[in-house]
1. Taking the criterion of being surrounded by 14 or more Cβ atoms within 10 Å (Cβ to Cβ), modelled with pLDDT under 95 and not in a helix (DSSP H, G or I), would at least one residue in segment 331-354 satisfy it?
2. Listed residues Pro246, Pro228; which is surrounded by 21 or more Cβ atoms within 10 Å (Cβ to Cβ), over 17 Å from Val149 (Cα atoms) and either assigned by TED's automatic domain parsing to the domain that holds Asn147 or at pLDDT 95 or above (or both)?
3. Do we find that Arg377 is part of a strand (DSSP E or B), free of Cβ contacts under 8 Å to residues at least 24 places away in the same chain and not aliphatic (A, V, I, L, M) in this structure?
4. Inside segment 61-86, can you point out the residues that are in a helix (DSSP H, G or I), buried (at least 21 other Cβ atoms within 10 Å of the Cβ) and of a type in the set (A, V, I, L, M)?
5. Hey, among the residues in segment 257-300 that are in contact with a Leu (Cβ under 7 Å, 6 or more places away or on another chain) and in a helix (DSSP H, G or I), which one's farthest from Asn384 (Cα to Cα)?
6. When you go through Gly374, Gly298 one by one, which is the residue that is within 26 Å of the chain's Cα centre (by Cα) and either buried (at least 17 other Cβ atoms within 10 Å of the Cβ) or among the aliphatic types (A, V, I, L, M) (or both)?
7. Run down Val149, Val114, Val181 and say which single residue is aliphatic (A, V, I, L, M), within 22 Å of Ile323 (Cα to Cα) and in contact with a helix residue (DSSP H, G or I) (Cβ under 7 Å, 6 or more places away or on another chain).
Amino acid sequence: MNINEIREQFPVLDQQVYGKPLVYLDNAATTQKPLCVIERERDYYLHENCNIHRGVHYLSQKATEAYEHARQTVADFVHAKEAREIIFTRGTTESLNLLATSFEHYCIGEGDKVLVTAMEHHSNLVPWQQMVQRHHGQLLVVPMDDNGVLDLDQYEKLLKEGPKVVSIAHISNVLGTINPVKEMVAMAHQYGIPVVVDGAQSIAHHPIDVQELDCDFFVFSGHKMYAPMGIGGLFGKAEWLEKLPPYQFGGEMVDTVNFEKTTFNVLPYKFEAGTPNVGAALGLETAIQFMQGLDRWGVEVHETQLLQSAIEKLSEIDGIRFIGEAVHRSGLVSFIIDGIHPYDLGTIIDKMGVAVRTGHHCAEPVMTRFGIPGTVRASFALYNTMDEVEVFVNAVKKAAMMLR
């Protein structure tokens, strides 16, 4: 891959902060957007803007066709069987809230259980937690070891307790651990339990095939895969989406309405109440096309090399402690340095032009598990370079020396 050519498509990277070239390593929070994505969304509002599905006139039909074409593109990207298995949402968080709410109305009763893992983002913990608490149920949690690897023996024991649904991260946004979701899905299915996979941190880094994973649901956010904010998706097997009740009510998701009774639309519209973010959906489609235009295997190798180089160079720093050292990991490195608060370290690194994330990364139970207040997290994307890794590591070394 020609990284310089790729970087030219991301104008935001070509700037200085505090008088130094920007090194953007906060991609797990959100990726930057290529020009083609920005221009596609702009072009929609310049030439196609219209409410979809509801008009017979030219613009409405044109916008509708573009929107449904984008749905098909997403379906092909994750290898769904049918486009109707793709629900557009605002992102991973809304997708998970949709599922928690729909499952609650479909099958959750007094004392029922839901199974998550010890490494979940709050978005894949709190909706399920609040839902089971309303029914005096229990949130079962799969533990992990000191390397940030899930205990699959304990996972199977918890499956035997009969949770109504399992919801697990594909890749941890704190630890970078790649969970064996295909194996975990197969184990859950032996007990007849549906599985939700949180793909927020995996979809930009690895090819996704929901049929191969055999997951019942897969959720993701566009803004973590070079698409606009405010758009994402939920894949669900059609047989499950047919059974689950709607999440929100209003326009588009209805079939017939009178004061006595309302019937609901077919998939996928049953779950898409209200006017959608059409421009962002078209931006998501363009981001997918941008990614498909690259050597996906080459991107994966490149990002792995960036991660390995960062870990190797950071290891030279006295007192550093990596949080998450799984053999199978991807996308990011989290660490602390003895005697230095992550916020202080991140603040000084920022003054050197390097953007990293500090704190608990919306995964406070993970920090509790490791007995720390937070971490410094550097996360990589296809446009990052080995030179930027060098700048980052030198910034960490200098900041650590200053704070000590």
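1. Taking every residue of segment 331-354 in turn, at least one turns out to be surrounded by 14 or more Cβ atoms within 10 Å (Cβ to Cβ), modelled with pLDDT under 95 and not in a helix (DSSP H, G or I).
2. None of the other options fit; the residue is Pro228.
3. Judged against the criteria, Arg377 is not a match.
4. Ala63, Ala70, Val74, Val78
5. Phe271
6. Gly374
7. Val181
The values are calculated or read from the model by the stated rules, or taken from the named source; none is laboratory data. Computed from a predicted model, the values in this text were never measured in an experiment. Heads up, the Cβs are rebuilt from the backbone with ideal geometry, glycines too, and the neighbour counts pull from every protein chain shown.
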